[in-house]
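In what follows, a structure is listed as C-alpha cells, so that the remarks can point back to it.
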Amino acid sequence: MAEEKIIKKVATRESYGNALKELAEEFPDLVVLDADLAAATKTGIFKKAYPERHIDCGIAECNMVGIAAGLAAAGKIPFVSSFAMFAAGRAFEQVRNSVGYPHLNVKIGATHAGISVGEDGATHQCNEDLALMRTIPGMVVMCPSDDVEARAAVRAALEYEGPVYLRFGRAAVPVINDRPDYHFEIGKGTIVREGSDVTIVATGIGVDSALGAADMLEKEGVSAEVVNICTIKPLDEELIVNSAKKTGKVVTVEEHSVIGGLGSAVCDALCKHYPVPVCKIGMQDVFGESGSAAALIEKYGLDAKGVYRTVKEFI
Amino acid sequence: MKNLELQKTANEVRKGIVTAVHGAKAGHPGGSLSAADMFTFLYFEEMNIDPQNPQMEERDRFVLSKGHTAPGLYAALANRGFFPVEDLPTLRHLGSYLQGHPCIHIAGVDMSSGSLGQGISAAVGMALAAKLGGRAYRTYTMLGDGELEEGQVWEAAMFAGHRKLDNLCVIVDNNNLQIDGPISEVCSPYPIDKKFEAFNFHVINIDAHDFDQIRAAFKEARETKGCPTCIIMHSLKGKGVSFMENNVDWHGKAPNDEEYAVAMADLEKIGEELEKAGE
C-alpha cells in the first residue's frame, strides 16, 4: 500500500476569523461587522475575544456596508463580513458608492464564495463577486489559495490604506504555501511550479487543482508552469506576460464565472502586452446547484483531473 | 445668531442655490430651497465645525443623505467660509470640484452621497464610531421624505434605535413632493413620525422655516438620552422663489436666464424686507 502524505486542510474562512483575532491587539482601530452570520463567516472567533469590537448589524447587508463606510470615515478600520453573495452581490451598489467612490478604508471579508458552498445550492454560490468587485475603481481584490495566504492577505489588507475585497471559501482546503520563504505582497503573483509548455494561472482553490494537474501532465511529458494569483486586482501583469512568453499558451483556473474574473483579467493583460491563446476554466456561464463541495468541484471540472483534461485538450 | 441674522443668512444661501443651479444649467433647486433654513442653522449655529480646519477630528459630522440637494449644502458651506461663494456657479461643470452630488473630497463635506438611502447608514456608522471611541462629536443626517421609500433607511433606523445612538440626529425634509408627484400618491411613507417611533426614535415635528422651532428641536435632541432623535421638518418645496414654491416641476430643473432674474428679484425683495425689519 502506497504511503499517503498527510495534508493539513483549513477553510480560508477559518483563517480569516483567526487572523482577525490575532491582529486585533496590534491594530486597535480594527472592528468587525457581521450580518447574523458570525458563526459561519468565522468572525465569531474574533467576537469571542473582542465582543465590544464586533458589531452584529443583523440581516441587513446594505446598511452594514454603509455603517462600515461611516466608521472608516471616522477613523476605524472596519472588516465587513458576510457571504460573498450578499457582500458583493446584494450590497454591490453600497460598496461602489459608499466605499469605493469615497475610497474609504473598508475591508470586505466575503466568505462562502463559489460553488464549494455546496449543499445550499445556486442561490448562495456566488460566482460573480470577482467580476463585480474588479469593476470598482481603486478596489483591491484578493482571493487567497490556502490558510497561509489567507492570513497573510488579511494582514496586508490591514496595512493597506483603502478599500479591499477579500474572498474566502467555506470548504477546508489543503495548505500549500507552508514554506519558510513564503512572502506575501498585494499585487504580486507567485510561480509555484516552473514549466515550459503551458502556463496555468490559478486563484483560490484553483491553485491546488492546477498543481495536481501539473503532476499528471508531467507524467505525460508536458511541463506546466503554475502561477498563483492571489491579487486579481491590481494584477501582476509582468509575471503573467513573462510566463506566457516562455510557454506560449495560458490556461486560467478559478472557482468563479469565466466572465469577468481571473480569466478575463488575464486576457485583458495578455491582449494588451502579448496575445497568446487562452483557455478559461471556471463556471461556464451557468449557475451552480446543490451537492457536496467535492462533487461540485469535480462536476464542473475544477479539480485536478478536470484541469488536467482541459489542459490536455487545449494544448 | 439672532433669528433675523439667521433669516438673512438663509436668504443668502437661497441666492447661492439659485445661482449655482442656474450656472450648472441643471440640478435640484426645490429640495435645496426647502432645506435652506435647516442648512443655515446647522452650519451657522448648531454644529461644532471650523471652516479653517474642515477635517478637525472632533467636529460634528453631517451627511446629506438626500444628496441631490447638494446646491443647498454647498451654498451653506460657501457662505460659512469653507470655499468661495464665487465658485458656486461652477457647480456640475467639467473640472469643477463642486460635483453634482456631495463628494467627500470637497472641504466641509463629510461623506459622498446621493444614491438615496445610503447616507443615513454612513451617518449611523459615524455615530457608532463616536460611541465606540468615547468621543463627544454628534452626527447629523438629512433625508428627503421620498427617500424614506428606500428600504435601507429602515435598516439604518432599526440599527440606530437598537444601539441607542443618542448622538445621532436624523432630519427628514417633509416637503411632500417627489419627482413623480406628492409622496402620499406615489408610495406613501406616512405616518413618518409613527414609523420612526416604532424604530425607537424620539420624534419631533417642526416647521422647517421657523428658527425658534429649529433651535428648540436641536436642544431637545441634545438632551434626549438613550435613543436617537428624528426631527421631521414640515417644509415648503422651493421656499422663497415664488414660481418654484410647492411646484414639483422644480424638483430637478434649472431656471433659464429670465426665470433666474425673477427668482433673484424674489430673494432680493425678501432680503430688503429683512433689512427693514431689523431697523
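The values are calculated or read from the model by the stated rules, or taken from the named source; none is laboratory data. Just so it is clear, the structure is predicted and the values come from calculations on it, not from any experiment. FYI the Cβ positions are ideal-geometry reconstructions off the backbone, even for glycines, and counts take in every protein chain you see.
Within the range B:168-181, residues that are closer than 28 Å to B:Ala127 by Cβ have Cβ atoms under 6 Å from residues that are modelled with pLDDT of 95 or more and among the polar types (S, T, N, Q) in these pairs: B:Leu168/B:Thr139; B:Cys169/B:Thr229; B:Val170/B:Thr141; B:Asp173/B:Ser34; B:Asp173/B:Ser235; B:Asn175/B:Ser34; B:Asn175/B:Ser235, counting only partners at least 6 apart in sequence or on another chain.
Restricting attention to the range B:118-129, the residues being within 10 Å of B:Asn167 (Cα to Cα) and at the interface with chain A (Cβ under 7 Å from one of its Cβ atoms) number 3.
So for the range B:186-206 (the condition being over 29 Å from B:Met1 (Cα atoms) and acidic (Asp, Glu)), does at least one residue qualify? Yes, some residue in the range B:186-206 is over 29 Å from B:Met1 (Cα atoms) and acidic (Asp, Glu). Report, by residue number, each residue of the range A:204-223 that is of a type in the set (Gly, Ala, Ser), in a helix (DSSP H, G or I) and free of Cβ contacts under 8 Å to residues at least 60 places away in the same chain. Once the filter is applied, which keeps residues that are of a type in the set (Gly, Ala, Ser), in a helix (DSSP H, G or I) and free of Cβ contacts under 8 Å to residues at least 60 places away in the same chain, the range A:204-223 yields only A:Ala214. Criterion applied to B:Leu94, B:Leu77 was being away from chain A (no Cβ under 14 Å) and not in a loop (DSSP other than H, G, I, E, B), and the one residue passing it is B:Leu77. Mind listing whichever residues of the range B:99-117 are facing chain A (nearest Cβ under 7 Å) and within 23 Å of B:Glu57 (Cα to Cα)? Within the range B:99-117, B:Ile104, B:Asp110, B:Met111, B:Ser112 meet the criteria. In summary, A:Ala131 fulfils each of the numbered conditions (1) more than 14 Å from every other protein chain (Cβ to nearest Cβ); (2) part of a strand (DSSP E or B) with the single exception of condition (2). Filtering the range B:224-238 for residues that are surrounded by 14 or more Cβ atoms within 10 Å (Cβ to Cβ), among the hydrophobic types (A, V, I, L, M, F, W, C), at pLDDT 95 or above and in a helix (DSSP H, G or I) leaves an empty set. When the criteria are applied in full, B:Lys164 meets the requirement of being among the charged types (D, E, K, R) and more than 20 Å from B:Trp250 (Cα to Cα). Within the range A:224-236, residues that are without any contact (Cβ under 8 Å) to a residue 12 or more places away in the chain and closer than 16 Å to A:Phe184 by Cβ have Cβ atoms under 7 Å from residues that are aromatic (Phe, Trp, Tyr) and surrounded by 24 or more Cβ atoms within 10 Å (Cβ to Cβ) in no pair, counting only partners at least 6 apart in sequence or on another chain. Across the range A:6-46, the qualifying residues are those that are assigned to a helix (DSSP H, G or I) and touching a Leu at 6+ places or on another chain (Cβ under 8 Å), and the one among them that is surrounded by the fewest Cβ atoms within 10 Å (Cβ to Cβ) is A:Leu23.
The set of residues in the range A:47-56 being hydrophobic (A, V, I, L, M, F, W, C) and not in a helix (DSSP H, G or I) consists of A:Ile55 alone. Applying the set (1) in contact with a strand residue (DSSP E or B) (Cβ under 9 Å, 6 or more places away or on another chain); (2) in a loop (DSSP other than H, G, I, E, B) to A:Gly260 leaves exactly one unmet item: (1). Criterion applied to A:Val148, A:Val154, A:Val141 was being touching a helix residue (DSSP H, G or I) at 6+ places or on another chain (Cβ under 9 Å), crowded, with 16+ Cβ neighbours inside 10 Å, of a type in the set (Val, Ile, Thr) and assigned to a strand (DSSP E or B), and the one residue passing it is A:Val141. From A:Phe79, A:Phe46, which residue is away from every other protein chain (no Cβ under 14 Å) and within 26 Å of B:Lys164 (Cα to Cα)? That would be A:Phe46, the only listed residue that is away from every other protein chain (no Cβ under 14 Å) and within 26 Å of B:Lys164 (Cα to Cα).
Residue-wise test of (1) modelled with pLDDT of 95 or more; (2) assigned to a helix (DSSP H, G or I); (3) within 14 Å of chain A (Cβ to nearest Cβ); (4) buried (at least 24 other Cβ atoms within 10 Å of the Cβ).
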{"position": "B:Lys8", "(1), (2), (3), (4)": "yes, yes, no, no"}
{"position": "B:Val21", "(1), (2), (3), (4)": "yes, yes, no, yes"}
{"position": "B:Ala26", "(1), (2), (3), (4)": "yes, no, no, no"}
{"position": "B:Gly30", "(1), (2), (3), (4)": "yes, yes, no, yes"}
{"position": "B:Glu45", "(1), (2), (3), (4)": "yes, yes, no, no"}
{"position": "B:Asn48", "(1), (2), (3), (4)": "yes, no, no, no"}
{"position": "B:Pro51", "(1), (2), (3), (4)": "yes, no, no, no"}
{"position": "B:Gln55", "(1), (2), (3), (4)": "yes, no, yes, no"}
{"position": "B:Phe62", "(1), (2), (3), (4)": "yes, no, yes, yes"}
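In the set (1) under 30 Å from A:Thr247 (Cα atoms); (2) assigned to a loop (DSSP other than H, G, I, E, B), A:Ile136 fails one condition alone, (1).
Counting residues in the range B:141-162 that are closer than 17 Å to B:Ala76 by Cα, among the hydroxyl-bearing types (Ser, Thr, Tyr) and touching a helix residue (DSSP H, G or I) at 6+ places or on another chain (Cβ under 6 Å) gives one or more. Hydrophobic (A, V, I, L, M, F, W, C), facing chain B (nearest Cβ under 10 Å) and in contact with a helix residue (DSSP H, G or I) (Cβ under 8 Å, 6 or more places away or on another chain): does that describe A:Ile67? Criteria met by A:Ile67.
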